[in-house]
Each structure stands twice: as structure tokens, then as C-alpha cells.
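K.L.:
I'd like to ask some things about the structure below.
Derivation of every value follows stated rules applied to the coordinates shown; laboratory data play no part. This is a predicted model, so every value here is computed, not measured. With ideal geometry, Cβ positions are generated from the backbone for all residues, glycine too; neighbour counts draw on all protein chains shown.
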Amino acid sequence: MNIQIGQMAIISIISHIIFISLTWKVVVTINFDPLIRKGRVTEARILLLFITIVIGSGVSRFFLEILQWSRDLLYLF
């Protein structure tokens, strides 16, 4: 039981890091220059970082829930 909790914790951490980094790579390719005011580049990058974390965490949470639900299917039969 405790081993499964530890495994799920490691999988969750790795999943969040992977999906946040993938989201960052996608967000960087989008051209936000017309939306950024001059002299506000730092604030815009911080905002993009927060948006990346929100989207990446959401996708990771979806992936982890699907994984957990597929594990729980064993208890159905």
C-alpha cells in the first residue's frame, strides 16, 4: 500500500514536470509580441510562465486521473 502511494507520488512529480515543460515549448512558439506593451516584457514572461504552469498542471492532472481510473478498473471485476 505505501509503495503504491510512493510510486504514484513519483509518477505525479515526473508527469507535472514533463507536461509543464511541453506546454512551455508550445507557448514560446506563439507570437505574443503584439499583445505586450513596451517596457513590460518581464511581466509578460511571468504571466506566460503562470499560464504555462496552469495549463501543464491541468493536462498532467487529467493524465494522472485517467491512469488512476484505469488502475481502479481492476476492482470492478
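K.L.:
Please identify which residues in the stretch 35-77 have an amide N closer than 14 Å to a label point set 7 Å out from the Cα of SER12, following the Cα→Cβ vector.
P.N.:
So the set is 57-58, 60-69.
K.L.:
Any idea what the dipole of the stretch 2-76 comes to, in debye rounded to 20, about its Cα centre with Lys/Arg Cβ at +1 and Asp/Glu Cβ at -1?
P.N.:
Approximately 320 debye in magnitude.
K.L.:
A follow-up question, please. Any idea how far apart LEU74 and VAL28 come out in nm if each label point goes 7 Å out from Cα toward Cβ?
P.N.:
My value for the distance between the label points is 3.9 nm.
K.L.:
Could I ask something else about it? Excluding ALA44 itself, what net charge comes from residues whose Cβ is under 10 Å from its Cβ, given Lys and Arg +1 and Asp and Glu -1?
P.N.:
Result for the neighbourhood of ALA44: +1.
K.L.:
Would you mind computing Rg(Cα) / (2.2 N^0.38 Å) for the chain, counting N as its residues?
P.N.:
With N residues counted in the chain, Rg over 2.2 N^0.38 Å equals 1.51.
K.L.:
Report, to the nearest 10°, how far helix 41-72 tilts away from the longest principal axis of the Cα atoms in the chain, using its own Cα long axis and a range of 0 to 90°.
P.N.:
The answer is roughly 20 degrees.
K.L.:
Moving on. Say the dipole of the chain comes from +1 at the beta carbon of Lys and Arg and -1 at that of Asp and Glu; which of GLY39, GLY56, SER12 then lies farthest toward its positive end?
P.N.:
Of GLY39, GLY56, SER12, it is GLY39.
K.L.:
Could you work out the helix-only [θ] at 222 nm for the chain, with each DSSP H run of four or more residues adding -39,500 (n - 2.57) and the total divided by the number of residues, to the nearest 500 deg cm²/dmol?
P.N.:
About -28000 deg cm²/dmol.
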